[in-house]
Amino acid sequence: MNITLNGEKKDAPEGLTVLGLLQHLKIQPERVAVELNLNVVKKSDYAAAQVKDGDSVEVVSFMAGGVWSEPTVSA
Amino acid sequence: MERADRVGVNNGNVVALVQKEYGMTDDKLVIAGIEFTSRLWVGTGKYKDFEETRRAIEASGTDVVTVSVRRVNIIDRSKENLLDHIDPKKYKILPNTAGCYTAKDAVRTAMLAAEAGISKLVKLEVIGDEKTLFPDNEATLEAAKVLVKEGLIVLPYVSDDPIMARKLVDLGCPAVMPLAAPIGSGLGIRNPYNIRIIMETVKVPVIVDAGVGTASDVALAMELGCDAVLLNTAIAGAKDPIAMAEAMKYGVLAGRLAYKAGRIPKKLYATASSPIEGMIGS
């Protein structure tokens, strides 16, 4: 299936949950937050939330930053 | 801690001793029930590497560090993680919405931060202009309203405007973070009078955020009665960030002590400090 991941088009295996997608990407679920089609996914819902073809997914984490740094989150 | 070794005593202990001597160990800052032991908060941006970040933070004596919320690098997963160097058990992690130019983006970022994070604390920034990085006050109010409703503890970056500060507190912000000067400018407290009026206007902690250049700026903010200071560039951009972090720690301590001690009023003419009686030739 085709999804938009962090702003980029990406091919991902069919039928993945959010947890499955993170595992597929080798990302530790504890350290990140996930937005699915503009809605924040609760950590407790990772195993249940389905990612579908055409979905938009944002995976973010805490990075170095102070009072201001380069913007990356975009609509 | 090589600097501390040079003077033969752990500098953290010196601060603890001074605090104890002046009865400041119970002088804790409390915001929304969360206790902060340090009145110096520091950012994690602009350092040479994670090791320098870690050492500067340690030298500053802080217990609060700000972090930004950014997309995970999907392609290169080998990059080190900031939280491998900054222990969330040792420091309170304060995520910010830095870089957001709209209320919508700030809300999204803050909600993600709350889900990724350890607490509901968020430093709300909605930037209004690229050149000055001044806050967009209207958008900040809009975002704060949504985030407070969502149950977040919203600490807003705001211009040094008492009316804005009051409005943010009225809608549920448990502290306000007025700027001292433009972010990263190092100009210091440009309008101490407004900062004072903000403190008289709102009954919540006032944390000076942004624009501080050196230790005396921090001391001045604390002497005015501010509850804490947040800075980043002034330490990270100094020639020796570790030494500057230490200087900032003492700046906060000196300023806070001076505030609590109560300074003398300013007067135009001299007042002799030595007795007149018993002078020779009298």
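Here are the numbers:
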| item | result |
| --- | --- |
| With 10 Å bins from 0: P(r) over region B:60-168, alpha-carbon pairs, percent | 14, 42, 32, 11, 1 |
| Chain lengthening between B:GLU80 and B:ASN13 when straightened (0.36 nm per residue, less Cα-Cα) | 21.0 nm |
| Long-range HN-HN contacts of B:LEU94 with modeled amide H, under 5 Å | B:VAL65, B:THR66, B:VAL67 |
| Loop-located trypsin sites (Lys or Arg not before Pro) in region B:184-273, at most 12 other Cβ atoms within 10 Å (DSSP) | B:LYS203, B:LYS239, B:ARG263, B:LYS266, B:LYS267 |
| Rounded accessible area per residue of region B:110-213, 1.4 Å, Å² | 40 Å² |
| Residue among B:TYR250, B:TYR193, B:TYR101 with the largest mean-square fluctuation in a Gaussian network model of chain B, springs linking Cα atoms under 10 Å | B:TYR193 |
| Share antiparallel - DSSP beta bridges, the protein assembly as shown, percent rounded to 5 | 50 percent |
| Over region B:210-282, volume per residue of the alpha carbon convex hull, in Å³ | 155 Å³ |
| Top of B:PRO192, B:PRO182, B:PRO205 by mean-square fluctuation, Gaussian network on chain B, Cα under 10 Å | B:PRO192 |
| Rg(Cα)/(2.2 N^0.38 Å) for chain B, N = residue count | 1.08 |
| Fluctuation leader among B:GLY33, B:GLY255, B:GLY188 - chain B, Gaussian network, Cα springs under 10 angstrom | B:GLY33 |
| Whole-angstrom gap from region B:27-89 to region A:37-66, using each part's C-alpha centre | 23 Å |
| Helix-only [θ]222 nm of chain B, DSSP H runs n ≥ 4, -39500 (n - 2.57) each, per residue, nearest 500 | -11500 deg cm²/dmol |
| Cα-based convex hull volume of the protein assembly as shown per residue, rounded to whole Å³ | 165 Å³ |
| Dimensionless Rg/Rh of region B:129-282 - Kirkwood Rh, Rg from C-alpha atoms | 1.13 |
| Where A meets B: accessible area buried, both sides, 1.4 Å probe, Å² | 3600 Å² |
| Partner aspartates and glutamates for A:LYS9 [C-alpha distance under 14 Å; skip if fewer than 8 residues away on the same chain] | A:ASP53, A:ASP55, A:GLU58 |
| Antiparallel %, DSSP beta bridges [both residues in chain B], to 5 | 15 percent |
| For region B:118-164, the spread of Cα positions along each principal axis, largest first, Å | 32, 23, 15 |
| Average beta carbon contacts from partner chains per residue of B:34-45, 10 Å cutoff | 2 |
| Estimated [θ] at 222 nm from DSSP helical runs (n ≥ 4, -39500 (n - 2.57)) normalised by residues in chain A, nearest 500 | -2500 deg cm²/dmol |
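The values are calculated or read from the model by the stated rules, or taken from the named source; none is laboratory data. Source: prediction; values computed, not measured. When we count neighbours, we look across all protein chains shown, and the Cβ atoms used for this are built from the backbone with ideal geometry, even at glycine. We work out accessible area using only protein heavy atoms, side chains counted, and drop any ligands, DNA or RNA first. Shrake-Rupley method; radii C 1.70, N 1.55, O 1.52, S 1.80 Å.
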